Amino acid sequence: MYFYIVKLIAMSIKSKIESLRAALPEGVKLLAVSKFHPVEAIVEAYAAGQRAFGESRPQELKQKYEALPHDIEWHMIGHLQTNKVKYIAPFVHLVESLDSERLAEEIERQAMKCDRVIDCLLEIHVTAEESKSGWDYAELLAFVQSGGFERLPHIRVRGVMGMATFTDDESVVRADFERLAICKTELAQYFGAEFDTLSMGMSDDYRLAIEYGSTEVRIGSTIFGAREY
Ligand SMILES: *Cc1c(COP(=O)(O)O)cnc(C)c1O
């Protein structure tokens with residue numbers, strides 16, 4: 001009975017990944033958001049060929065990195081406290097939640113220690129919701145224009161990440177994605193060709209995000225089911 005259930009879950013993870021892959025246009029990367037799901041679920045996604053996974057908590061990310069094959073790309077997508085950067089700096093593939101000058105300085109410090117250059121996305125706050133994290137765009141722009149990132153050579157800025165408002169009102173979600181796309185276009189002039197990523201769209205809104213130019217969708221519950229917090 002137990003194995004039967006495990007196999008059913010496995011089949012559904014595999015088929016979810018396959019149908020998502022078939023639905024995504026070329027040039028849109030699928031990040032499987034595995035936060036709060038066990039290593040076994042990631043193994044099933046891995047068996048379906050998935051290699052990019054997103055996590056929101058540094059210690060959980062580190063434990064999963066240690067338990068799983070090392071050709072997995074780990075993306076940090078949750079709010080990152082400066083005192084936790086050290087857990088993920090040696091191996092993280094992309095920090096998507098770079099949202100302050102202070103965090104940038106700490107990533108620079110830890111990356112230098114590991115003799116790495118760490119790829120990061122600038123997380124921008126575009127919604128009216130106080131609870132969401134991310135850079136205030138005006139502050140970010142001022143930091144970029146003052147050459148802030150030129151002083152942080154162990155950070156390579158790859159683009160922008162953001163979330164839309166949690167609402168059923170599609171026009172609000174569209175406006176948020178449009179705003180993120182505009183921010184990405186504006187910021188691109190300050191960076192090189194490697195500034196190529198626009199990470200936006202989750203299970204409930206990724207189709208809309210793609211309409212506004214998303215290059216990476218971060219999908220959790222559609223693949224793995226509901227999370228148990
Ligand atoms: C949890 C999370 C996701 C995935 O959300 P789903 O609705 O489960 O697809 C995507 N992005 C971020 C930043 C998240 O925290």
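The values are calculated or read from the model by the stated rules, or taken from the named source; none is laboratory data. Note that this is a predicted model, so its numbers are computed, not measured. FYI the Cβ positions are ideal-geometry reconstructions off the backbone, even for glycines, and counts take in every protein chain you see. Heads up: the accessible areas ignore ligands, DNA and RNA and are worked out on the full protein's heavy atoms, side chains in. Shrake-Rupley method; radii C 1.70, N 1.55, O 1.52, S 1.80 Å.
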Residues that are under 19 Å from E123 (Cβ atoms), part of a loop (DSSP other than H, G, I, E, B) and open to solvent by 60 Å² or more (accessible area, probe 1.4 Å), drawn from the range 160-186: F166
Take the conditions in a helix (DSSP H, G or I) and loosely packed, with under 14 Cβ neighbours inside 10 Å and apply them to R207. Does it pass? yes
Only residues that are more than 10 Å from the ligand (Cβ to nearest atom) and surrounded by fewer than 16 Cβ atoms within 10 Å (Cβ to Cβ): list them for the range 191-204, please. G192, A193, E194, D196
Residues in the range 210-224 that are more than 8 Å from the ligand (Cβ to nearest atom), assigned to a loop (DSSP other than H, G, I, E, B) and in contact (Cβ under 8 Å) with a residue 60 or more places away in the chain: how many? 2
I need a count of the residues in the range 32-70 that are away from the ligand (no atom under 14 Å from the Cβ), closer than 17 Å to Y87 by Cβ and small (G, A, S). 1
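Of the residues A128, A111, A138, which is more than 23 Å from I182 (Cα to Cα) and away from the ligand (no atom under 15 Å from the Cβ)?
Working: A128 fails: more than 23 Å from I182 (Cα to Cα); A138 fails: more than 23 Å from I182 (Cα to Cα).
Only one candidate passes the filter, namely A111.
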